[in-house]
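A short write-up of the structure that comes next.
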Amino acid sequence: MTDVPADNLTDLGFQACLPSPLLRPYVVSFWAMRSHRPAVITRSEYMHHNGAVGLMFNWGDPLPLDEGCYQPGVNVDVLTPQSRQLHIAGQQHVDGFGILFKAGASFCVTGVPVAALQAHTLAPLGLRQALSFDALNDALYHADTFTQRVRVAENWLRTRLHGSFERPASIDAAIRVLDRHPGVPIRRLSGVVNLSQRQLERQFNDYLGLTPKQFGRVRRVQLARTQLKQSPTQSLAALAQHMGYVDQAHFTREFAFHLKDTPGAYCQRVLERRAQTSRKPALPSIA
């Protein structure tokens, strides 16, 4: 769930890969950090959300966040309106594996609305038992490599996708509209998906954990961040207009609120990391 190139976390053994085609409607990616030696430096890494839920399995030391902590064991990582920082201390043992779901897709696997998960950053005992979290945690721990851990996670996910838990089609339709038309008014959005505003708000709270307005703000900033990551030298004013912001100042305020960074500073960091990457040997691709 970190939004940094793998070469920036080589000392922590950071890896990430896409799921198999069958799981791509539900899962964004699998990721892992694993180091046989303690972290050599103290630093913080941003954890940028995509409006979705994740699972994080931690077999190392507790990993503090701005709010909360990845405790040893199974962690249900629910969406927060703002990006968080993961704080990695020197001499800290790191060994974790994560599954990042697509927005609204965790329900198809867990059968538990996000609104219920949000009360528990750590999965409660009953939920762990119902979803076989503990068995999955053990199987992942005993897998020797990242590839093997991905295979274990994919097998577990396939057993959960038996069609019993389907999110409303209106959720997917609303997300598509927000992606295609950033900043669309919620009243118009509810009309497009043939729901009242109150019905739409109830569905978003249940399946996404945010109101339509909150989710739309998060999604628009993330779409803008993706554009800047791909092209960090583009005009910020032009991007602000393209994304439907009132002006560049409005864009900057929203970006800074959600990502805790200004667009200009983010672009500078992208350029600096590109320069660092160009001076290092290419990393092997992850199958």
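For the range 134-154, give me each residue that is part of a helix (DSSP H, G or I) and among the polar types (S, T, N, Q).
First pass over the range 134-154, keeping only residues part of a helix (DSSP H, G or I): 134-142, 146-154.
N137, T147, Q148 - these are the residues of the range 134-154 that are part of a helix (DSSP H, G or I) and among the polar types (S, T, N, Q).
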Six or more apart or on different chains, Cβ under 7 Å: which pairs go from a residue in the range 169-183 that's on the phi > 0 side of the Ramachandran plot to one that's surrounded by 15 or more Cβ atoms within 10 Å (Cβ to Cβ) and basic (K, R)? Could you list them?
G183/R220
Return only the number of the condition from (1) closer than 30 Å to V76 by Cα; (2) at pLDDT 95 or above; (3) of a type in the set (S, T, N, Q) that T226 does not satisfy.
(2)
Could you please find all residues in the range 139-186 being surrounded by 13 or more Cβ atoms within 10 Å (Cβ to Cβ) and acidic (D, E)?
E154, D172, D179
If you scan the range 38-79, which residues turn out to be at pLDDT below 65 and in a loop (DSSP other than H, G, I, E, B)?
P38, A39, V40, I41, T42, H48, H49, N50, G51, L79
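If you scan the range 1-15, which residues turn out to be modelled with pLDDT of 70 or more and either surrounded by 19 or more Cβ atoms within 10 Å (Cβ to Cβ) or closer than 13 Å to D77 by Cβ (or both)? Spell out the reasoning first.
To start, the set of residues in the range 1-15 that are modelled with pLDDT of 70 or more comprises 12-15.
Across the range 1-15, the qualifying residues are L12, F14, Q15.
What residue, among those in the range 198-223 that are over 20 Å from F255 (Cα atoms) and aromatic (F, W, Y), is surrounded by the fewest Cβ atoms within 10 Å (Cβ to Cβ)? Spell out the reasoning first.
So in the range 198-223, the residues over 20 Å from F255 (Cα atoms) come out as 198-209.
Subset that is aromatic (F, W, Y): 204, 207.
Numbers: F204: 26, Y207: 23.
My answer is Y207.
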Give the number of residues within the range 244-262 that are buried (at least 16 other Cβ atoms within 10 Å of the Cβ) and either touching a strand residue (DSSP E or B) at 6+ places or on another chain (Cβ under 6 Å) or farther than 25 Å from A52 by Cα (or both).
1
Limited to the range 224-243, what total is found for residues that are within 17 Å of L178 (Cβ to Cβ) and surrounded by fewer than 16 Cβ atoms within 10 Å (Cβ to Cβ)?
3
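The values are calculated or read from the model by the stated rules, or taken from the named source; none is laboratory data. These figures come from a predicted structure and were not determined experimentally. For neighbour counting, all protein chains shown are included, and Cβ atoms are generated from backbone atoms with ideal geometry for every residue, glycine included.
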